[in-house]
Every structure is written in structure tokens, then in C-alpha cells.
Amino acid sequence: MPTYFYRVIFISCLLLVSVFSLKGQENRIAIDSISLQQDSNKVEILGSDRLTLLKVDDTTSIQILAGRVRLRQGKALFNCDSCVLNNSENIFEAWRNVQIKDGDSIQVNARHLLYKIDKKIAYLDGGVTLSDRKAILSTPSLEYNLNTDIGIYTNGGKVVNKKTTLTSKEGYYYASLKEIYFKNDVKLNDPGYKIATDSLLYNTATQTNRFIAKTTIIDSSGRRIEAKDGFYKGGKAEFNQRPTIIDGSTTITGDRIAFDDSTGTSQAIGNVVVVDTAQGTTLVTGQLFRQDKEERMLATGKPLLIFKQEKDSLYLTADTIFTAMQPNAVKKDTSLLKNTTRISVSKKDSILRYVEAFHHVKIFSDSLQAVCDSLYYSDKDSIFRLFRDPVLWSKENQITGDTIWLYTKNKKSDRLTVFENSMIISQVDTGIYNQVGSIRMEGRFTDGNLDSLRAFGNAETIYFLQDEDSTYTGINESKSDLIDIYFSIQALERIVLRGAVSGTVWPIQQKNPAEMKLPLFKWNDLRRPKSRLDLLQ
């Protein structure tokens with residue numbers, strides 16, 4: 001027989017004799033604390049049913065352990081059914097029921113292991129699972145570094161944490177931080193939400209999700225979130241890089257959005273755009289605070305609210321704009337709550353809202369413009385209420401009063417009421433103005449254009465008379481109980497005084513037109529927004 005074979009038989013016999021001398025007549029052979037290396041990275045054999053020592057050559061020897069194998073390296077414990085250790089190569093390989101216990105919390109199981117002893121790197125395959133007492137990672141193969149407590153998989157993996165399941169094609173598990181970095185086709189399923197992205201950092205202890213790639217989140221209420229950067233933890237989140245939230249008929253986009261469903265509040269900052277398709281409105285603002293329960297929104301930072309219409313949209317701006325549902329429009333539907341504090345209604349399109357605007361209010365549409373200090377609008381009656389020094393313009397006509405109510409119908413101007421100190425001024429020429437003043441005025445619109453106006457109570461007028469050649473012939477200065485004003489293509493066409501009338505018609509040569517002014521006359525053309533851009537000045 002070859003010399004090599006005798007050498008193996010001889011070494012095996014010596015080993016068996018020494019083992020039996022230690023354990024007497026026990027059937028099980030146990031090897032206790034045999035050092036395979038003499039440095040800090042030594043591996044100790046804690047136990048095995050059988051051990052075979054083979055010396056391949058003068059520099060290489062291997063040890064074969066079988067049956068309830070137990071090894072230790074530092075704080076790490078290794079269990080398996082069988083393994084082969086190679087001193088020269090600084091590796092050992094294990095099969096079946098492989099288990100690594102790294103400290104008190106990390107446990108890895110697999111069917112096969114290749115371990116680099118000096119580098120403390122484990123290559124596992126065959127039904128690999130890794131548990132940190134919070135979550136369980138399952139993957140076909142895993143590279144686990146015991147020095148850094150980092151596990152890597154590249155052939156697909158799944159993490160289950162309570163009721164949350166995450167899957168991806170690649171992953172990096174940081175055991176000491178209890179965080180997993182998922183890459184490539186990442187999917188998260190939770191009873192409260194679902195996430196789809198390409199990169200996701202998940203903390204198994206806090207169940208917090210952080211992402212730096214295009215991400216879609218859909219929660220149990222149907223709210224959809226599209227973001228590229230931020231974190232999300234079941235109802236609490238913060239997003240950057242212009243995320244978008246689609247909540248029913250409302251879509252919110254901003255440079256940064258944060259919300260907390262436990263308090264029912266959210267905040268958006270930077271170039272915020274809110275589109276409500278049910279209400280036909282768009283809000284553009286610098287900063288938005290939202291209370292979700294009744295869909296209340298407070299906009300600051302040059303907010304602009306657009307009431308979309310088919311031909312002539314209306315633009316509203318102010319220092320602050322507040323909008324909310326009418327109190328009697330809020331209806332609970334418990335079947336739609338699903339673990340959220342928000343309130344839904346069965347008929348979204350029927351929700352009535354109101355708008356409040358404060359300070360430096362401006363309104364612009366092609367057919368009408370207005371300014372005031374504060375404003376209130378409600379879907380319930382479709383009335384714009386303008387308070388404190390309001391001014392409304394329709395073509396060359398300026399209307400002022402203590403308070404102005406603008407009634408709309410089908411999103412078009414329909415009626416107008418001016419309360420106290422009412423006055424309409426129409427510029428005829430440079431320095432020449434037709435004027436009507438009264439206690440109260442009521443006007444009507446046709447197809448959104450001012451058609452007629454009636455002045456009640458102490459009504460008075462200054463009206464410039466013209467002949468067929470538009471030459472000024474006189475000035476009518478009169479008073480009456482009631483005055484009707486009629487417009488043609490929104491230009492003042494004629495004035496009719498009704499009831500008891502008193503006054504004078506002055507020849508044009510006897511009066512200086514620039515001095516013909518009613519007591520409350522004030523031309524506010526500098527306050528008038530001339531375009532949409534003027535609203536932002």
C-alpha cells in the first residue's frame with residue numbers, strides 16, 4: 001500500500017487512543033477546546049461526535065468533524081452536522097443544519113457554509129435565514145462578515161418583521177445598527193401601507209423606511225405618495241426633492257412635505273402646488289399647513305388660489321389664504337377610516353368648502369379685477385365677500401363701497417351688491433369721469449359682463465353729456481331716490497334717474513371737468529391688478 005495511506009492509519013490510531021483514554025468507555029468522542037490557530041482569531045472545537053485528522057502533506061492538514069459539531073471563535077458560535085477544517089487555508093466548510101450565533105441577538109441558519117477564519121467572513125447558501133430578534137431575513141445565499149456584522153445578498157431576499165414583509169433582489173444587512181439596505185426592485189407590504197422603490201433603508205427596530213430613489217407609497221386609505229428622498233414610518237413621514245401626495249381629489253406637490261397621521265396634520269414648504277379636481281381649484285404657495293380631518297389648509301408666503309373656469313379663470317392672492325370644509329359638510333364614514341384619523345365622505349364632489357383671505361387681497365380675471373383687505377367665499381352660496389376698502393373693476397368701471405358682495409353662478413359673475421358709501425366711477429377721458437354715488441348698489445352681469453347697476457338711497461350723479469360726434473356739451477349734476485346705470489359691452493352707456501329728481505345741467509364751458517367730483521370720489525387705478533403677474537408684486 002502507498003506510504004500516504006499508512007500515514008493516515010497511523011495518525012488516526014494515535015488520535016483514537018488518546019480520545020479513549022480521556023473518555024473511558026463512552027461511545028461519544030468529545031474534543032474540548034482544541035485550538036486550530038494560536039492567535040486572536042483561533043477557532044475552538046467545543047464538541048463533536050467524531051473527528052478525523054488527515055495530513056495531506058508536510059504543510060497541510062485537515063480535520064473532519066461529524067455529528068453535533070460545535071465550534072467557537074470569539075463571541076461567535078458555530079453548529080452543524082459536519083464540517084472540514086483546513087489550517088493552511090484558514091477556512092472551514094460546514095454542511096446541514098448550519099447555525100451561526102453572533103453575540104446575543106444575531107442567528108444565521110443555512111444548509112451549507114464556507115468560512116474564512118482569519119477574515120471572519122461566512123459564505124452561506126441553501127435556505128439561509130438571519131434573525132436579529134426583530135426581523136427574519138430569508139435568502140438563497142448570503143455573505144456575512146462577523147467583523148463588521150454586515151450581511152450581503154445578491155440573489156433575492158425577503159425580510160419579515162411582525163406584519164411587514166420586504167423583498168428585493170439585493171440587500172445589505174447591518175446587524176449592529178439593525179438596518180437593512182434594500183436595492184433593486186424593492187417591495188414592502190404592510191397592513192397599513194405598501195412601498196415600491198429601487199433603494200430603501202429599513203430599520204428593523206423602529207420599522208422606519210428611508211429612501212433615496214423614486215418611491216411610491218400607497219396607504220390603507222388609498223393615499224398615494226410619490227417621492228425621491230425622505231423617510232416613512234406608518235403614518236409619519238418627511239419627504240424632500242419635490243414629493244407628490246395624491247389624496248382623493250387633492251394632489252399636493254412641494255419641495256418638502258412632512259405629515260403625522262397621529263395628529264392629522266401635514267406641512268409643505270417651497271413652491272407648493274395643491275390641485276383639487278373636485279372643486280376645480282389650484283393653490284400655489286410658499287408654505288402650506290394642512291389639517292387632514294376637515295381638510296383645512298392655511299397657505300402663507302404669497303399664496304395664489306386659482307378658480308378654474310372654462311374661459312375666464314379667476315385668480316386670488318393675499319398674504320394668507322385659509323380654506324376648509326363647511327362644518328355641516330363633514331360626515332364620518334367609519335367603513336373608510338381603516339386605522340387613520342382622517343375623515344372621508346361618501347360623495348366627494350358634494351363637499352362644500354369656504355375660503356378666507358387676509359390682507360392685501362387681489363383678484364384678477366379677464367373680465368373683472370378687485371382688491372380689498374380681507375375676503376370670504378363659500379361654495380354654499382358662491383358669494384365673494386370683500387371687506388375693508390374694497391375696490392372692484394369691470395373694464396373702465398370702478399366700483400367702491402364699505403363692503404362688496406360678488407355673486408357667482410356656474411363660476412361666472414352673476415350679481416353684485418355694494419353696501420354703504422357705494423360709488424361707481426367710469427373714466428370717459430383723461431381727467432373726465434362719470435360718477436354715481438349712493439348708500440347701496442345692486443348690479444347684474446350677463447355672460448360674466450356687467451350689464452346694469454341700480455343705486456339706492458341718496459343717489460347722486462355727475463354725468464358728462466356728449467353729442468353724436470362725442471363732443472362734450474354739458475355736465476349733468478343731479479340727485480334722485482334711485483338711479484339706474486346701463487352698460488354696453490361693459491362701458492357705461494346711459495344713466496336714468498327715477499323718482500324725485502333735483503339737479504342742474506351745466507354747460508361744459510362753465511365748469512372745469514377736473515373739479516367735477518362727488519364727495520367720496522377716489523380713483524384707485526394704481527391699486528388695480530393689470531395682469532396675473534401683478535398679483536405677485
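Summary table below
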read-out	value
Residue that is nearest to THR400 (Cα to Cα), among those in the range 426-472 that are touching a helix residue (DSSP H, G or I) at 6+ places or on another chain (Cβ under 6 Å) and in a strand (DSSP E or B)	ILE432
Among residues of the range 143-168, those that are closer than 15 Å to PRO191 by Cα and among the polar types (S, T, N, Q), counted	3
Residue in the range 235-243 that is closer than 30 Å to ALA357 by Cβ and surrounded by fewer than 17 Cβ atoms within 10 Å (Cβ to Cβ) present	no
Residue tally, condition surrounded by 13 or more Cβ atoms within 10 Å (Cβ to Cβ) and among the charged types (D, E, K, R), over the range 523-537	4
Residue under evaluation GLU468, criteria (1) farther than 17 Å from ILE399 by Cα; (2) among the charged types (D, E, K, R); (3) modelled with pLDDT under 90; (4) in contact with a strand residue (DSSP E or B) (Cβ under 9 Å, 6 or more places away or on another chain), criterion not met	(4)
Index of the failed condition, VAL84 passing every other in (1) modelled with pLDDT under 90; (2) under 23 Å from GLU143 (Cα atoms)	(1)
Any hit, the range 359-370, residues being of a type in the set (D, E, K, R), under 17 Å from SER422 (Cα atoms) and buried (at least 16 other Cβ atoms within 10 Å of the Cβ)	no
Flag if ASN189 is at pLDDT 90 or above and surrounded by fewer than 16 Cβ atoms within 10 Å (Cβ to Cβ)	yes
Residue that is polar (S, T, N, Q) and touching a Leu at 6+ places or on another chain (Cβ under 8 Å), where the choices are THR60, THR129	THR129
Qualifying position, being surrounded by fewer than 18 Cβ atoms within 10 Å (Cβ to Cβ), at pLDDT 85 or above and either of a type in the set (A, V, I, L, M) or closer than 30 Å to GLU442 by Cβ (or both), among ASP379, ASP319	ASP379
Candidates GLY103, GLY127 - the one that is surrounded by fewer than 16 Cβ atoms within 10 Å (Cβ to Cβ), modelled with pLDDT under 95 and under 23 Å from PHE182 (Cα atoms)	GLY127
Elements of type strands (runs of 3 or more DSSP E) in the range 276-327, at least 1 residues being over 19 Å from PRO529 (Cβ atoms) and touching a Leu at 6+ places or on another chain (Cβ under 9 Å)	281-291, 296-300, 320-325
Residue satisfying condition, being closer than 21 Å to CYS372 by Cβ and either out of contact with any Ser or Thr (no Cβ under 6 Å at 6 or more places or on another chain) or among the basic types (Lys, Arg) (or both), within set LEU520, LEU450	LEU520
Members of the range 230-241 that are of a type in the set (S, T, N, Q) and in a strand (DSSP E or B)	ASN240
Strands (runs of 3 or more DSSP E) wholly inside the range 53-127 that include at least 2 residues being among the aromatic types (Phe, Trp, Tyr) and within 54 Å of the chain's Cα centre (by Cα)	91-102
Count of the range 272-313 residues which are within 23 Å of ARG527 (Cα to Cα) and touching a Lys or Arg at 6+ places or on another chain (Cβ under 8 Å)	3
Positions within the range 406-418 being more than 18 Å from TRP393 (Cβ to Cβ) and not polar (S, T, N, Q), in sequence order	LYS409, LYS411
The range 244-292 - residue that is in contact with a helix residue (DSSP H, G or I) (Cβ under 8 Å, 6 or more places away or on another chain) and within 17 Å of GLU226 (Cβ to Cβ) and, of those, surrounded by the fewest Cβ atoms within 10 Å (Cβ to Cβ)	SER249
Residues (small (Gly, Ala, Ser) and more than 16 Å from ASP229 (Cα to Cα)) located in the range 165-213	SER168, GLY171, ALA175, SER176, GLY192, ALA205
Some residue of the range 472-479 being closer than 27 Å to ILE383 by Cβ, modelled with pLDDT of 90 or more and surrounded by 15 or more Cβ atoms within 10 Å (Cβ to Cβ)	no
Residue list for the range 170-229, filter: in a loop (DSSP other than H, G, I, E, B), among the hydroxyl-bearing types (Ser, Thr, Tyr), in contact with an Asp or Glu (Cβ under 7 Å, 6 or more places away or on another chain) and free of Cβ contacts under 8 Å to residues at least 60 places away in the same chain	SER176
Search result, residues across the range 295-304 that are out of contact with any helix residue (DSSP H, G or I) (no Cβ under 8 Å at 6 or more places or on another chain) and not aliphatic (A, V, I, L, M)	GLU295, ARG296, THR300, GLY301, PRO303
Qualifying residue in the range 242-251 (condition: over 26 Å from GLN326 (Cα atoms), charged (D, E, K, R) and assigned to a strand (DSSP E or B))	no
Residue match in the range 484-495 (condition: part of a strand (DSSP E or B), within 12 Å of SER438 (Cα to Cα) and at pLDDT 85 or above)	yes
ASP414 being without any contact (Cβ under 8 Å) to a residue 24 or more places away in the chain and in the same structural domain as GLN537 (by TED's automatic domain parsing)	no
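The values are calculated or read from the model by the stated rules, or taken from the named source; none is laboratory data. As the structure is a prediction and not an experimental result, all values here were calculated from the model. Using ideal geometry, Cβ is built from the backbone for each residue, glycine included, and neighbour counts are taken over all protein chains shown.
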